[in-house]
Amino acid sequence: MRTIASYHHKGGVGKTTTAVALAVNAADTGHRTLLWDLDPQGSATRLVGADRGSDGVAEALLAGGSLLDGVRPTTQDRLDVFPADLSLRRLDRHLGDDGREHLRAVVERAAEHYDVIVLDCPPSVSEVAAAVLYAADLVVVPLTAGPLAWSAYADLYTEIDAMGIAERPRLLAFLTMVDRRKGLHRDLVDWDTPPDGFSAVTVPTDSRVERMAIDPHPFRAVLSGRAGEAYGALWADVAGAARATSVAG
Ligand SMILES: Nc1ncnc2c1ncn2[C@@H]1O[C@H](COP(=O)(O)OP(=O)(O)OP(=O)(O)O)[C@@H](O)[C@H]1O
Ligand SMILES: [Mg+2]
């Protein structure tokens, strides 16, 4: 079993797109996959065609309930979603001193039924983020291409260190929304070997990804086309890296 989180403390960098793309690719390559939407905005839930859950499910979970109680199937074979609900905005308050262990236990209980669990995290430096990073075997970090990409990554390390997570999570970063017409972007991605901790895969800007929210076949955008092909390659990298770090193998 592999638990993979898509995380960055900044908003709008492609976390949800990445969580959905990795989950869809995992399912498409034969893995029983669960996408857990931990952002009360519910974008991942919407992108896989599900409705937001009823208010309070997140709290029930932390009170000892099972993720399996709220799981819904999607139209992608082998892909289920645990949808977001508005109680998630109170999750920080409910995660007490043992919140990190608690959330990890919730994930581990669901893990018997799935090969891959993908967590979509809200953009924050919070107890929820710390708990998600603690539960994950691998944290995938999308960095938007541009002059601030490297400093954004350095900031992220500082934020993660400030959360004081017992085991520092393993990170795999990659550049996304790359537009090769821009010299600044070309300078960033034309590397001989990627920096340490980076995937060599870069995801291009692709309008099909933006249209996913209104596409009757939204999974196409992350399985084919320019961004879809890149996400397929990223999934292969992520699966390899997660296998190397997963306790369960
Ligand atoms: N490769 C891409 N090409 C074009 N647009 C993209 C690409 N990846 C993401 N986007 C768009 O960028 C916007 C932000 O993406 P996304 O919602 O995945 O980011 P996020 O980090 O989850 O945001 P938030 O912090 O609000 O949760 C969305 O409109 C999405 O469609
Ligand atoms: Mg998001």
Exercise for review: Write down Rg/Rh for the stretch 76-223, rounded to two decimals, with Rg from the C-alpha atoms and Rh from the Kirkwood relation over Cα pairs.
Suggested key: 0.99
**Study point:** Loop sites in the stretch 67-172: GluC sites (Glu not before Pro), DSSP, at most 15 other Cβ within 10 Å
**Key:** Glu167
Check your understanding: Roughly speaking, what is the stretch gain from Glu229 to Ala244, that is 0.36 nm per residue apart minus the C-alpha to C-alpha distance, in nm to one decimal?
Key -> 3.1 nm
Review point. How large are Rg and Dmax for the chain when only the alpha carbon atoms are used, in Å?
Key: 16.9, 52
**Study point:** Net charge over other residues, Cβ less than 11 angstrom from the Cβ of Gly53 (K, R count +1; D, E count -1)
**Key:** -3
Point to revise | Label-to-label distance, nm, for residues given as Glu108 and Leu86 (7 Å Cα→Cβ offset) | key: 3.4 nm
Point to revise | Positive-end residue, the chain charge dipole about Cα centroid, Cβ charges, pick of Gly240, Ala129, Ser87 | key: Gly240
Exercise for review: Calculate the spin-label point distance for His217 paired with Ser66, positioning each point 7 Å from the Cα along the beta-carbon direction, and give it in nanometres.
Suggested key: 3.5 nm
Check your understanding: Hey, what number do you get for the chain at 222 nm if only DSSP H runs of n ≥ 4 count, each worth -39500 (n - 2.57), divided across all residues, to the nearest 500?
Key -> -11500 deg cm²/dmol
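None of the figures in this text is laboratory data; all of them are computed from the coordinates on show. Remember, predicted model here, so these are calculated numbers, not experimental data. A quick note on method: Cβ atoms are made from the backbone with ideal geometry, for glycine too, and the neighbour counts reach across all protein chains shown.
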